[in-house]
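The values are calculated or read from the model by the stated rules, or taken from the named source; none is laboratory data. This is a predicted model, so every value here is computed, not measured. All Cβ positions, glycine included, derive from the backbone under ideal geometry; neighbour counts span all protein chains shown. Each accessible area value is taken on the protein alone, full model and side chains, heavy atoms only, with ligands, DNA and RNA left out. Shrake-Rupley method; radii C 1.70, N 1.55, O 1.52, S 1.80 Å.
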Amino acid sequence: MAAAAAAAGWSAGWLRGWSALLRRSFPILAGARSRCVSGLKGPWNRVSALGLGVTLMAIPIAQKHDPALLSNEALIRRAVSLVTDSTSTLLSQTTYALIDALTEYTTSVYTLVSLYQKYAQLLGKMNSKEEDAVWQVIIGARVEVTTKQQEYLKLESRWRTALRLSEMAAEAAYQSGADQASVTAQNHIQLVKSQVQEIRQLSQKAETKLAEAQTEELLKLKEEEASHPASQQESCEAAEEAYLRED
């Protein structure tokens, strides 16, 4: 028993001496235990670091403003961009209103053209009462045409004012160096001009048709008078009376 205890003591002493020698010879082994312990404490260290980061994030940091963004030129470009947006909106609204008014006017003109053509076809086939009734309808249609024409002319004046404002805003944007705002405004101006020109051409075509229908109606009336000399005076008086009622 004594021999066994002595052997065990000698073995433990030999192991401690050997471990000390290894630590002196290889210092990296000396930090292994501390690294293992620190590994166990890693999550808590990370939590502490995270809390520190949140704390730092909560501290307000003064923002640095670029002096170039607050210069007079930059402020002018920003202001002129707002102006071009506003004038473009005004131009769009007046354009829509003008197109609607021109469309209604064109429709009323074509209605009057149809009535004139129908009247020319019925000349010589109607009695005085029927002719008077047709003329009443024609007079009402002419009043409608006049009303619609006045409406679209009033809106056209507003549209031209909005157009001039947009053109001036686009020029101001160009001179201020706001190239994108200037190009956008110019493109919008060209677009609305083409739209208005298209519907205006349709209304002018309708007006030409109306003039042709009125001319045709007068020619038919003269032919009818020539074919019935006995009733020529009566027809002239009826036509004159109808035109007076129209006026």
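A search for C-beta distances below 7 Å between a residue of region 168-181 that is outside any helix (DSSP H, G or I) and any residue that is β-branched (Val, Ile, Thr) and at pLDDT below 95, counting only pairs 6+ apart in sequence or on different chains, returns Ala178/Val80.
Filtering region 142-150 for residues that are among the basic types (Lys, Arg), over 23 Å from Lys193 (Cα atoms) and over 42 Å from the mean Cα position of the chain (by Cα) leaves an empty set. Does Trp135 satisfy being in contact with a Lys or Arg (Cβ under 8 Å, 6 or more places away or on another chain), hydrophobic (A, V, I, L, M, F, W, C), part of a helix (DSSP H, G or I) and surrounded by 14 or more Cβ atoms within 10 Å (Cβ to Cβ)? Criteria met by Trp135. Looking across region 195-221, the residues that are of a type outside the set (Lys, Arg) and open to solvent by less than 60 Å² (accessible area, probe 1.4 Å) come down to Val196, Ile199, Ser203, Ala206, Leu210, Ala211, Ala213, Gln214, Glu217, Leu221. Screening Ile189 on (1) over 23 Å from Glu104 (Cα atoms); (2) open to solvent by 90 Å² or more (accessible area, probe 1.4 Å) shows it passes everything except condition (2). For the criterion of being at pLDDT 90 or above and either open to solvent by 80 Å² or more (accessible area, probe 1.4 Å) or in contact with a Ser or Thr (Cβ under 7 Å, 6 or more places away or on another chain) (or both), Thr95 fails.
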